[in-house]
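J.: First the structure, then my questions, so here it is.
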């Protein structure tokens, strides 16, 4: 067999193969009986085939066809979670859709561009959940079941004891307050939320202050100064004169303390204590301290006119006019009353800017930096011991 004949036969065979392939392609999809995929049915994740001519003409369009994303939302028990908000967002944020899960917990998104995406699920009383995935061109992506859990609820529980018990403990702390560890400083609170004092506690604090040894000693010194200056000469000198001066001064202190610190505050339901402010500008603290004689916190926690202190001061001045000889009751009461009102304001300034640094308290031990409580105002009946 010559070279020409061999070449002719091979060329003829090659032509027949090409013709047979063309005939096969012209016959359409492979029938189901032959083991191929039936006509019109495509696998999930596949796209409709394009001709070689279409791919050559627009290859980018053939490689980036939108697809779909479907899935199911379940609760912790594995039951379908309906009404959940499901949002699909592409990784580049260029595409976003939001749907609600159906009664069977299912959701679906269509016309989703291929590429990475994030599914976020939220529902009332449930925590948020996120899953990510990546969609291939023309694919129907079946997301794994998304399980949402009950949201963690952080509850701030403030355990509050009985108000009377709380107030009792706070007054016990106040009864330990002493300037330089010696001088009683009972009528001041460093707590912003101090519990309102009961009538019993108001009288208890007045009694504790009145019979304190330092109070008695201070009154004795005051009587000594009065005798040395021969004030109220009608009392005379010697032991008898001193006794009269001491008696008058102590009755004045005792009565004024109870009238301003217990009787009127109980009747008018007001707090007789000075509320330390400690924060804010010097001006605001000064205004607060000076105003303590006419402005206070009521037992209801509201700011109000300090009727207890005002009435108590003038009632104490009226009583003092009866204790000291040769005094005009009307003039003495008014002048002494206004002087004591000024002393009450001065006492507030001293409390706000001086005594806090010199008074050690249990509350301060718990907070070494010292309290920074918003103050209210009240009066300290102790200055009433001073006479004009």
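Every read-out reported here was derived from the displayed coordinates using simple, explicitly stated rules and does not represent laboratory data. Since we're looking at a predicted model, the values are computed, not measured. Cβ placement follows ideal geometry from the backbone for every residue including glycine, while neighbour counts extend to all protein chains displayed.
J.: Please figure out what share of the DSSP beta bridges in region 163-385 is antiparallel and state it in percent, rounded to the nearest 5.
T.: On the way: 8 of 10 bridges.
Percentage antiparallel, nearest 5: 80.
J.: Turning to a different aspect of this structure: Using Cα-Cα distances under 8 Å and only pairs 6 or more residues apart, what relative contact order does region 105-264 have, in percent? Write out the running numbers ahead of the final one.
T.: Details: 145 pairs, mean separation 22.9, N = 160.
Relative CO of region 105-264 lands at 14 percent.
J.: Could you tell me the relative contact order of region 163-385? Use alpha-carbon pairs under 8 Å, at least six residues apart, and round to a whole percent.
T.: Details: 385 pairs, mean separation 64.3, N = 223.
Reported as a whole number, the value is 29 percent.
J.: Further question: At each listed q (0.08, 0.13, 0.15 Å⁻¹), what is the log10 of I(q)/I(0) that the Debye formula gives for region 163-385 modelled as equal alpha-carbon point scatterers?
T.: Treating every Cα as an identical point scatterer, log10 I(q)/I(0) equals -0.28, -0.73, -0.95.
J.: Based on the alpha carbon coordinates of region 64-147, what radius of gyration and maximum Cα-Cα distance (Dmax) apply, in Å?
T.: For region 64-147, the Cα radius of gyration and maximum Cα-Cα distance read 12.2, 39 Å.
J.: How much of the DSSP bridge set in region 64-147 is antiparallel, in percent, rounded to the nearest 5?
T.: Values: 24 of 29 bridges.
Counting only bridges with both partners in region 64-147, antiparallel ones make up about 85 percent.
J.: Over region 64-147, what relative contact order in percent results from Cα pairs under 8 Å that are six or more residues apart?
T.: Details: 218 pairs, mean separation 33.6, N = 84.
It rounds to 40 percent for region 64-147.
J.: Mind giving me the FRET efficiency for residue 106 and residue 166? R0 is 41 Å, r the Cβ-Cβ distance, nearest 0.05 is fine.
T.: On the way: r = 56 Å, r/R0 = 1.37.
Computed FRET efficiency for residue 106 and residue 166 comes out at 0.15.
J.: Same structure again: For a Förster distance of 41 Å, can you work out the FRET efficiency between the beta-carbons of residue 98 and residue 77, rounded to the nearest 0.05?
T.: Working: r = 25 Å, r/R0 = 0.62.
The pair residue 98/residue 77 has a calculated efficiency of 0.95.
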